[in-house]
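Engineer: Okay, here's the structure, questions in a sec.
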């Protein structure tokens, strides 16, 4: 057979070249098993079939732009109402952050062909930004950094663990997501030592859980971890 075929279990597509990474979601590809080769081998000589998605993308672009236009109009109206009715409380800032969060989430999930790890990573970032933004526009008392964000970090740890167990053959695909959560944990601990938050209870718990989780994956996933770091960061 004069060509190489690998399969992305995440996107459920066949890749007809020698790359080790899916061009859509960037997950590590699996080699086709012998039974699968007999099924897909005949397709290789005719090239890889791709669906025509031009019309679908045109419709999606129109819909997303229409939603953006409506969001902007709605936020301008809310800012005007806020200015003339309750100027002492900038609640329109909260609504604006919520709209940005909703729009970016929708754009990424609809248009981006990334895998679950990338989409969940963006969702975690947007959620943390939303919580800190709400805290900021309500007086910045620190509840977001002291309680909400560490809670999101623990929730992220649970999601990553579930995904790794669900996809044990490619668990290392979620290492970058785990590293991102670990960075957030470190930032929260640093903010505590800077004196910006009072209690270290939940930030400490989230940092400890993430740290032990990361350490365990590094120790027990030695070879896979090194390969994933080399693929992601060329180290």
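Each reported figure results from applying straightforward, stated rules to the coordinates on display, with no laboratory input. The model shown is predicted, which means the values in this text are computed figures rather than measured ones. Here the Cβ is made from the backbone with ideal geometry for all residues, glycine too, and neighbour counts use every protein chain on show.
Engineer: Along each of its three principal axes, how wide is the spread of alpha-carbon positions in the range 91-235, in whole angstrom units, largest first?
Structural biologist: Projected onto its principal axes, the Cα set of the range 91-235 covers 49, 38, 27 Å.
Engineer: Moving to a separate point now. Quick one: Kirkwood hydrodynamic radius for the range 166-235, alpha-carbon pairs, angstrom, one decimal?
Structural biologist: 13.3 Å
Engineer: Using a simple spin-label model with points 7 Å from Cα along the Cα→Cβ vector, what separation in nm is obtained for residue 61 and residue 220?
Structural biologist: 4.7 nm
Engineer: Among 161-171, 139-149, what's the highest-first ranking by average C-beta atoms within 10 angstrom per residue?
Structural biologist: Descending mean neighbour count gives 139-149, 161-171.
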